[in-house]
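The values are calculated or read from the model by the stated rules, or taken from the named source; none is laboratory data. Quick caveat: nothing in here was measured; it's all calculated off a predicted structure. Note that each Cβ is placed from the backbone with ideal geometry, even for glycine, and that neighbours are counted across all protein chains shown. The protein model used for the area step is the full one, side chains on, heavy atoms only, and it has no ligands, DNA or RNA in it. Shrake-Rupley method; radii C 1.70, N 1.55, O 1.52, S 1.80 Å.
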Amino acid sequence: MEKNSNLIYYEGCGRKRRTEVGPKSEDCMNPDSAVIAAFKVFQQELDTKHDKYERLVKISRDVTIESKRTIFLLHRVTSVPDVEEILNEADVKLDSVRQKIGQIAEELRGEDLHQFHRAFTPGIQEYVEAVSFHHFIRHRTLVSLEEINARLVFMRENKGVGEVTCPGPCVLTFQITPTDYLLGVADLTGELMRMCISSVGNGDMDTPFQLGGFLREIHDGFSYIGNTGPYEVSKKLHTLRQSLGKVEDACYTLRVRGSEIPKHMLADVFSSRAAHLDPDDAMA
């Protein structure tokens, strides 16, 4: 290898390569360059977006945790005499979850929702599951997307963010997308299946048949969507069918063999049959 002040020569197999190692162009090192100034602006925009994304992920985790706690609380309705007390306590928890969703709406003020959708969609799906479970226990019907969105209206003080200004408190709304709603309802079927087994274990022989009819209606609705809907919805359809199959199996056992099996043993029988019918349910 021969070396001079500005060039390096590499001896190769019949070929030479020359690399410049001299001083760089002054334009590239000039801090006042228009190119460097533009990229500094890009850097600031990307850092701001990434920071907002991380904040949304943290809020979504809080929404998921509180929604799961609400679902665990609602499962107690099968074993307590005062169902209304449990529902009122769940209302308080859901109100706190909505306040966290209000923080998401505040972060998204003036932003494109779809740029940050993946950051908060897990929490929103869990919230839909909790709200729909609460609504079913109280009214025995499925809550609509419009009813859920109607509760997601928040009053916030105007901070003068961007160009949007208002003289007093601003009204922020958060609209759950139809896909998140469908995915949350699909997850609801698993909670209804667990509620069915718990009800039988506590001697309630009517709830499984109510749940079976309700799950069949949900399954029929998802079947109309089929492969024409979002990919995530078609994946949830398999789990929905598993939950429906377990509830129908429980109803069949109650109707055919209910008089043969003591009531305190029915839940164990259903749990063992469900594990036998679906050994890979833990992986779903």
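Of the residues that make up the stretch 46-64, is at least one of a type in the set (Val, Ile, Thr), in contact with a Lys or Arg (Cβ under 8 Å, 6 or more places away or on another chain) and closer than 20 Å to residue 148 by Cβ?
Step one: of the stretch 46-64, the residues of a type in the set (Val, Ile, Thr) are 48, 57, 59, 63-64.
Cutting the leftovers down to in contact with a Lys or Arg (Cβ under 8 Å, 6 or more places away or on another chain) gives us 59, 63.
Still in the list and also closer than 20 Å to residue 148 by Cβ: 59, 63.
Scanning the stretch 46-64 turns up at least one residue that is of a type in the set (Val, Ile, Thr), in contact with a Lys or Arg (Cβ under 8 Å, 6 or more places away or on another chain) and closer than 20 Å to residue 148 by Cβ.
Residue-by-condition table, conditions (1) open to solvent by 40 Å² or more (accessible area, probe 1.4 Å); (2) in contact (Cβ under 8 Å) with a residue 24 or more places away in the chain:
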| position | (1), (2) |
| --- | --- |
| 204 | yes, yes |
| 211 | no, yes |
| 216 | yes, yes |
| 222 | no, yes |
| 228 | yes, no |
| 231 | yes, no |
| 239 | yes, yes |
| 247 | no, yes |
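Among the candidates 128, 83, which residue alone is open to solvent by less than 80 Å² (accessible area, probe 1.4 Å), out of contact with any Cys (no Cβ under 8 Å at 6 or more places or on another chain) and closer than 19 Å to residue 175 by Cα?
After ruling out the rest, the residue left standing is 128.
Taking only pairs six or more apart or across chains, which ones have beta-carbon atoms under 8 Å, a first residue in the stretch 100-115 that is free of Cβ contacts under 8 Å to residues at least 60 places away in the same chain, and a second residue that is open to solvent by less than 80 Å² (accessible area, probe 1.4 Å) and of a type in the set (Lys, Arg)?
Pairs found: 107/52; 111/52.
Tell me, yes or no, whether the stretch 102-112 has at least one residue that is open to solvent by 70 Å² or more (accessible area, probe 1.4 Å) and either closer than 15 Å to residue 176 by Cβ or in a helix (DSSP H, G or I) (or both).
Yes, because at least one residue in the stretch 102-112 is open to solvent by 70 Å² or more (accessible area, probe 1.4 Å) and either closer than 15 Å to residue 176 by Cβ or in a helix (DSSP H, G or I) (or both).
When you scan the stretch 199-251, how many residues do you find that are assigned to a helix (DSSP H, G or I), more than 23 Å from the chain's Cα centre (by Cα) and of a type in the set (A, V, I, L, M)?
Summing the residues that are assigned to a helix (DSSP H, G or I), more than 23 Å from the chain's Cα centre (by Cα) and of a type in the set (A, V, I, L, M) in the stretch 199-251 gives 4.
Return the only residue of 164, 153, 143, 185 being at pLDDT below 90 and not charged (D, E, K, R).
Details: 153 fails: at pLDDT below 90; 143 fails: at pLDDT below 90; 185 fails: at pLDDT below 90.
Result of the check over 164, 153, 143, 185: 164.
Given the structure, is residue 190 modelled with pLDDT of 90 or more and surrounded by 16 or more Cβ atoms within 10 Å (Cβ to Cβ)?
Working: modelled with pLDDT of 90 or more: yes; surrounded by 16 or more Cβ atoms within 10 Å (Cβ to Cβ): yes.
Spelling it out, residue 190 is indeed modelled with pLDDT of 90 or more and surrounded by 16 or more Cβ atoms within 10 Å (Cβ to Cβ).
Quick check on the stretch 52-67. Is at least one of its residues in contact with a His (Cβ under 9 Å, 6 or more places away or on another chain), at negative phi, assigned to a helix (DSSP H, G or I) and open to solvent by less than 40 Å² (accessible area, probe 1.4 Å)?
Residues of the stretch 52-67 in contact with a His (Cβ under 9 Å, 6 or more places away or on another chain): none.
For the stretch 52-67, residues in contact with a His (Cβ under 9 Å, 6 or more places away or on another chain), at negative phi, assigned to a helix (DSSP H, G or I) and open to solvent by less than 40 Å² (accessible area, probe 1.4 Å): absent.
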